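> Got a structure for you, written out below as structure tokens; questions coming shortly.
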Amino acid sequence: ATTSGAVTVSAVKPDGVAVALQNLGYKAELAKDANGDPLINTDIGGWQAALLFYECNEKTHDGCQSLQFVANFTPEKKFTADDAVRFNRNTRFASVSLDKDQSVMMTWDVVTGKGIDLEVFSNAVDMFRSAMDTLGTEVFK
């Protein structure tokens, strides 16, 4: 929290990010990635996703400065590189890529630094959920 009493969310405090997600009504399980950095497994709007923490201290794995929402999809209908380019062009902040196995990954980066307002974080979560909804209609029958 800042001196004004506003609630903030920061990658510096992974537990606070998990609590913020839970307060928004989403599941949030704090874990660690393969490098030892924080990771949150979540379910947003019925979609499984993860929050990865970036710009963390290489030795202590704390002091992270940014988050990346990640969702992976295994398409039931054809989704091409051209579809990914179109989606990226039409969906601000989202980045969609295709893997060799045709799986689709969407990422969404949020720089938090020492903290962003809870309302700003909530808007980012809502926009990510909306982008997952849109992508879901494109990859599933």
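The values are calculated or read from the model by the stated rules, or taken from the named source; none is laboratory data. What you are looking at is a predicted structure, and each value in this text was computed from that prediction instead of being measured. Please note: Cβ atoms are built from the backbone with ideal geometry, for glycine as well, and neighbour counts cover all protein chains shown. In case anyone asks, the SASA skips ligands and DNA or RNA and just uses the protein heavy atoms, side chains included. Shrake-Rupley method; radii C 1.70, N 1.55, O 1.52, S 1.80 Å.
> Separation between the Glu55 and Thr107 pseudo-spin-labels, each 7 Å from Cα along Cα→Cβ, expressed in nm?
So the label points at Glu55 and Thr107 sit 1.5 nm apart.
> Considering only DSSP states other than H, G, I, E and B, which GluC sites (Glu not before Pro) in region 44-141 qualify as loop sites with at most 11 other Cβ atoms within 10 Å? Kindly include the intermediate steps, with their values, before the conclusion.
Values: sites: Glu55, Glu58, Glu76, Glu119, Glu138; in loops: Glu55, Glu58, Glu76.
Here the GluC sites (Glu not before Pro) that fit, given the DSSP loop and packing criteria, are Glu58, Glu76.
> In region 31-127, which chymotrypsin sites (Phe, Trp or Tyr not before Pro) fall in coil by DSSP and have 14 or fewer other Cβ atoms within 10 Å?
On the way: sites: Trp47, Phe53, Tyr54, Phe69, Phe73, Phe79, Phe87, Phe93, Trp108, Phe121; in loops: Phe79, Phe93.
Passing both the DSSP loop test and the Cβ count: Phe93.
> Check cross-link reach from Lys141 to the lysines: straight Cα distance under 20 Å, and skip same-chain residues fewer than eight apart.
Lys77, Lys78
> How far apart, in nanometres, would the label points at Glu76 and Ala34 be if each is projected 7 angstrom from Cα along the Cα-to-Cβ direction?
Distance between the two pseudo-spin positions: 3.0 nm.
> Among all the aspartates and glutamates, which ones have a C-alpha under 19 Å from Lys27's C-alpha, if same-chain residues fewer than 8 places away are not counted?
The qualifying aspartates and glutamates are Asp15, Asp43, Glu119, Asp126, Asp133.
> Run down the lysines and flag those whose C-alpha is under 20 Å from the C-alpha of Lys59, throwing out any fewer than 8 positions away in its chain.
Excluding near neighbours in sequence, the set is Lys13, Lys32, Lys114.
> Quick one: pull the percent of accessible area on the chain belonging to carbon and sulfur, 1.4 Å probe, ligands and nucleic acids left out.
Numbers: 3980 of 8030 Å².
Its accessible area is 50 percent carbon and sulfur atoms.
> Still on this structure, please answer the following. Kirkwood hydrodynamic radius for region 21-110: how many Å is it when counted over pairs of different Cα atoms?
Values: mean 1/r = 0.0693 Å⁻¹.
About 14.4 Å, per the Kirkwood formula over Cα pairs.
> To continue, here is another question. Taking only protein heavy atoms and a 1.4 Å probe, what accessible area per residue, in Å², does region 1-54 have with all protein chains in place?
Values: 2870 Å² over 54 residues.
So region 1-54 comes to 53 Å² accessible per residue, rounded to a whole number.
> Additional query: Could you sort Asp15, Asp43 by accessible area so the largest value comes first, with the probe set to 1.4 Å? Please report the intermediate quantities before stating the final value.
Values: Asp15 95, Asp43 55 Å².
Listed by decreasing accessible area, they come as Asp15, Asp43.
> For the chain, modelled as a Gaussian network with Cα springs under 10 Å, which listed residue fluctuates most, Leu39, Leu98, Leu67?
Taking springs between Cα atoms under 10 Å, the residue moving most is Leu98.
> Here's a follow-up. If the elastic network links every pair of Cα atoms under 10 Å, which of Leu52, Leu30, Leu21 fluctuates the most in the Gaussian network model of the chain?
Between Leu52, Leu30, Leu21, it is Leu30 that shows the largest mean-square fluctuation.
> While we're on this one: Compute the acute angle (0 to 90°) between the alpha-carbon long axis of helix 14-23 and the principal axis of greatest extent of the alpha-carbon atoms of the chain; round to the nearest 10°.
70 degrees
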